[in-house]
Amino acid sequence: MAITKAKKETILEKLDGVKNNSESIVFVNFKGLSVANTTAMRSKLREEGVGYMVAKKTLIKRALDNTFEGEMPELEGEIALAYSADAISPAQNIKTFAGEYKDNIAIAGGIFQGVFKTKEEMIEIASIPPLPVLRGMFVNVINSPIQGLVLGLNAIAEKRS
């Protein structure tokens, strides 16, 4: 379906805003997703602070090509953008939905901190645990030597008595 020139300019302006205000952008390949599932996904993404928009690939390429480091990944099929000022949130959320709607949604690549990334690299980024989990892992790493020392001292105290 043809889009008017004014509509294309509006979409390009929105894409420029996304480009300038986002720490990461995920290219989402979607196909055959029902309206109800799309609405639910958009609602959940909005709650997480992640924007989601669908645009023609030619407009996406025009707005994003030659503005970031690296080479833009091949965009095949129907493409949407998930974006946020948070660096890993869009990739994590899309990965979650890709697990829910296996045949309908997939990560097709993206932009992470100003560099184009391939599909595989974006899936790796999506696998990074959320910040609270990372903090818990860090506390556990710091606590391990202290806990070992306490257990050792406790064993010595029990042996002496």
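Within the range 115-129, can one find any residue that is assigned by TED's automatic domain parsing to the domain that holds residue 31 and closer than 21 Å to residue 14 by Cβ? Taking every residue of the range 115-129 in turn, at least one turns out to be assigned by TED's automatic domain parsing to the domain that holds residue 31 and closer than 21 Å to residue 14 by Cβ.
Would you say residue 103 is at pLDDT below 90, under 13 Å from the mean Cα position of the chain (by Cα) and charged (D, E, K, R)? Against the criterion (at pLDDT below 90, under 13 Å from the mean Cα position of the chain (by Cα) and charged (D, E, K, R)), residue 103 does not qualify. Counting only helices (runs of 4 or more DSSP H) that sit wholly inside the range 45-161, those with at least 2 residues that are touching a strand residue (DSSP E or B) at 6+ places or on another chain (Cβ under 9 Å) are 57-64, 89-100, 119-126.
Taken over the range 71-84, the residue count meeting the criterion of being farther than 11 Å from residue 27 by Cα and either in contact with a Ser or Thr (Cβ under 6 Å, 6 or more places away or on another chain) or surrounded by 16 or more Cβ atoms within 10 Å (Cβ to Cβ) (or both) is 1. Residues considered: 132, 145. Of these, the only one that is under 26 Å from residue 89 (Cα atoms) and not aromatic (Phe, Trp, Tyr) is 132.
Matching residues to (1) within 30 Å of residue 20 (Cβ to Cβ); (2) among the β-branched types (Val, Ile, Thr); (3) modelled with pLDDT of 90 or more:
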residue: 116; (1), (2), (3): yes, no, yes
residue: 122; (1), (2), (3): yes, no, yes
residue: 137; (1), (2), (3): no, no, no
residue: 140; (1), (2), (3): no, no, no
residue: 150; (1), (2), (3): no, yes, no
residue: 160; (1), (2), (3): no, no, no
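Can you confirm whether the range 52-70 contains a residue that is of a type outside the set (Val, Ile, Thr) and either touching a Ser or Thr at 6+ places or on another chain (Cβ under 7 Å) or over 22 Å from residue 12 (Cβ atoms) (or both)? No, there is no match, as no residue in the range 52-70 is of a type outside the set (Val, Ile, Thr) and either touching a Ser or Thr at 6+ places or on another chain (Cβ under 7 Å) or over 22 Å from residue 12 (Cβ atoms) (or both). Which of the residues that make up the range 1-58 are over 22 Å from residue 92 (Cα atoms) and buried (at least 17 other Cβ atoms within 10 Å of the Cβ)? Hit for the range 1-58 is 11, nothing else.
For the range 1-42, a residue qualifies if it is part of a helix (DSSP H, G or I), among the polar types (S, T, N, Q) and in contact with an Asp or Glu (Cβ under 9 Å, 6 or more places away or on another chain), and exactly one does: 37. Taking residue 106 as the residue in question, decide whether it is closer than 15 Å to residue 18 by Cα, among the small types (Gly, Ala, Ser), assigned by TED's automatic domain parsing to the domain that holds residue 33 and surrounded by 18 or more Cβ atoms within 10 Å (Cβ to Cβ). Here the answer is no, as residue 106 does not meet what is asked. Out of 81, 75, one residue alone is touching a Gly at 6+ places or on another chain (Cβ under 8 Å), at pLDDT below 90 and closer than 27 Å to residue 35 by Cβ. It is 75.
The values are calculated or read from the model by the stated rules, or taken from the named source; none is laboratory data. Note that the coordinates shown come from a computational prediction; the quantities given were computed from them, not determined experimentally. All Cβ positions, glycine included, derive from the backbone under ideal geometry; neighbour counts span all protein chains shown.
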